[in-house]
Amino acid sequence: MLINLAVSILAGILLAAAFPLSFAPDAPQWAWPWLAFFAPVLLFVALRRAKSALEAYLLGFIAGGVLHLLGVYWISSFGAPALVSLVIYQAFIFGFLGIALHIVLRFQSDSYNYVLLPAVWVAFEYLHSIGAASFPWLHLGYTQYENAPVLQLAGYGGVYASSFFVLLAAYSVFHLFWGRSPMRLRLKSTAFAALALLVLYLWGCYTYWAWNRAEKLMPATTIAVVQGGLASNEPWNLDEYVTAAHQAYVGTTLNLLQRRLQHRPELVVWPEGALPTFYNLHGLQLDPDVRNLWTQREDLKLLMVSLLRTDKGLENAALLFTGPNTLAGKYSKNHLVGFGEFVPFGKALRMLDYPWGAEDLHEGESLD
């Protein structure tokens, strides 16, 4: 039992290390995406050795807790209670994945598991991304953000197709070294799996090459993405933070538009919460310094994400402006982050406030 716990903790650490990790806004970032192909193997080993479903749940709980503690440490910008609550909540859910994988690993054929085990994990990721309390972070497919051939699979099955590729590779390693079949059969089935992975990878290489070739023939649009690098946990009512945010985004964008560049940006993108400002759906009007951007380019498009007050309450909305007073479209976020944008059971339990105040955000309903 103690060995299984140690292995599950190590699996959680390595799973988290496959994603980009950073523990402070100005801290260095680490990422070892190749670990995604091996970290699940450790979890498979621990779950195969588990003596009961209860032990498998505990192993899944531990691995999931470590994964989310390290992988979404940025939630701590909303305070320690938010991080601790989120980790416990996600570990509770991850434990059920541990039970499902335990059942497959112990009671099903090794050969069928080449499809069944990745399918179970991917199904868990999908179910974990829907519903009011969904949390679609840390899907294994996201670790391959720099692996262009594998990313081509997402065009046909979303991130879940990339996750399936990663898990198929991980199970192949597990089956080769820890499978129950004779070594001759394990080598044979692993060779077939490796061939399938190679074909998919080569197909991804060709698709990526073909897309790059076609892209050169398409009309180009110059886009500028501005990232202010400000701490996200500063209270919005601080004058110093408001001034810094406007300088980081409005000032930087203005300087960019004033430069004598060969291609000035046609579209400028600001990230979530760029300006500590509330906008009202009725009579929406930009701040004067933001409207000043159109004095540098009249056909500028500005895509920004801010808090929008509607009849339902506050919504996290992407707003597309094509003029200083022209809102061309908006999208309010449909799936909110628990303990980051709302508190589950918040009416009964109030444990944290947000940089914008104590008000939970509400889900949007449509794209306008």
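The values are calculated or read from the model by the stated rules, or taken from the named source; none is laboratory data. Quantities reported herein were computed from a predicted structural model and do not represent experimental measurements. Neighbour counts are summed over all protein chains in view; Cβ atoms, including those assigned to glycine, are modelled from backbone coordinates with ideal geometry. Ligands, DNA and RNA are stripped out before the accessible areas are found, and what is left, the full protein with its side chains, is counted by its heavy atoms. Shrake-Rupley method; radii C 1.70, N 1.55, O 1.52, S 1.80 Å.
For this structure, a couple of remarks:
- Inter-label distance, Val115 to Tyr241: 5.2 nm, where each label sits 7 Å from its Cα along the C-beta direction.
- Restricting the calculation to Cα atoms, region 101-203 yields a radius of gyration followed by a Dmax of 14.4, 48 Å.
- Close amide-amide hydrogen proximity is noted between Ala31 and Leu21, each under 5 Å apart and 5 or more residues distant or on a separate chain (H modeled in the peptide plane; Pro and chain starts excluded).
- Among Phe278, Phe37, Phe135, residue whose mean-square fluctuation peaks in a GNM of the chain (springs only between Cα atoms under 10 Å): Phe278
- Here is the list for region 230-316: GluC sites (Glu not before Pro) lying in DSSP coil, each with at most 14 other C-beta atoms within 10 angstrom of its C-beta, are Glu266, Glu298.
- Phi-based couplings in Hz for region 297-305 (Karplus 6.51, -1.76, 1.60; Gly and Pro marked x): 7, 5, 9, 5, 10, 10, 9, 10, 10
- Qualifying aspartates and glutamates (Cα of each under 12 Å from Cα of Lys216; at least 8 residues distant if same chain): none
- Calculated log₁₀ intensity ratio I(q)/I(0) where the Debye formula runs over C-alpha points of region 209-263, q = 0.12, 0.13, 0.15 Å⁻¹: -0.49, -0.55, -0.63
- All C-alpha to C-alpha distances of the chain, sorted into 10 Å bins beginning at zero, yield P(r) values of 5, 19, 27, 24, 16, 7, 2, 0 percent in whole numbers.
- Label-point separation in nm, Val173 to Arg297, each point 7 Å along Cα→Cβ: 4.4
- Estimated translational diffusion coefficient (Stokes-Einstein, Kirkwood radius over Cα pairs, 37 °C, 0.692 mPa s) of region 151-230: 210 µm² per second.
- Computed on protein heavy atoms with a 1.4 Å probe, the accessible areas place His128, His362 in the order His362, His128, largest first.
- Alpha-carbon geometry of region 94-159: the Rg and the Dmax are 13.5, 36 Å, given in that order.
- Its Cα gyration tensor gives region 123-266 an equivalent ellipsoid. The semi-axes, each the square root of 5 times an eigenvalue, are 44, 24, 12 Å from largest down.
- With Cα atoms as the point set, the radius of gyration and Dmax of region 40-151 evaluate to 14.8, 46 Å.
- Projected area, mean over directions - region 256-301, Cα convex hull, nm²: 4.0
- Whole-number accessible area per residue in Å² for the chain, which is evaluated in the context of all protein chains at 1.4 Å: 51
- Stretch in the chain that is longest and holds no trypsin sites (Lys or Arg not before Pro) that DSSP places in a loop and that have at most 14 other beta carbons within 10 Å: 52-179
- Backbone amide hydrogens, once placed in the peptide plane, bring Ala328 within less than 5 Å of Leu320, Phe321, Thr322, excluding anything fewer than 5 places away on its chain.
- Protein-only accessible surface at a 1.4 angstrom probe places the residues Thr253, Thr322 in the order Thr322, Thr253, largest first.
- Pairwise Cα inverse-distance average, inverted: Kirkwood Rh of region 213-300 (Å): 14.8
- Sequence-distant aspartates and glutamates (8 or more away, or on other chains) whose Cα lies within less than 20 Å of Lys333: Glu125, Glu272, Asp311, Glu315, Glu341, Asp353, Glu359, Asp360, Glu363, Glu365, Asp368
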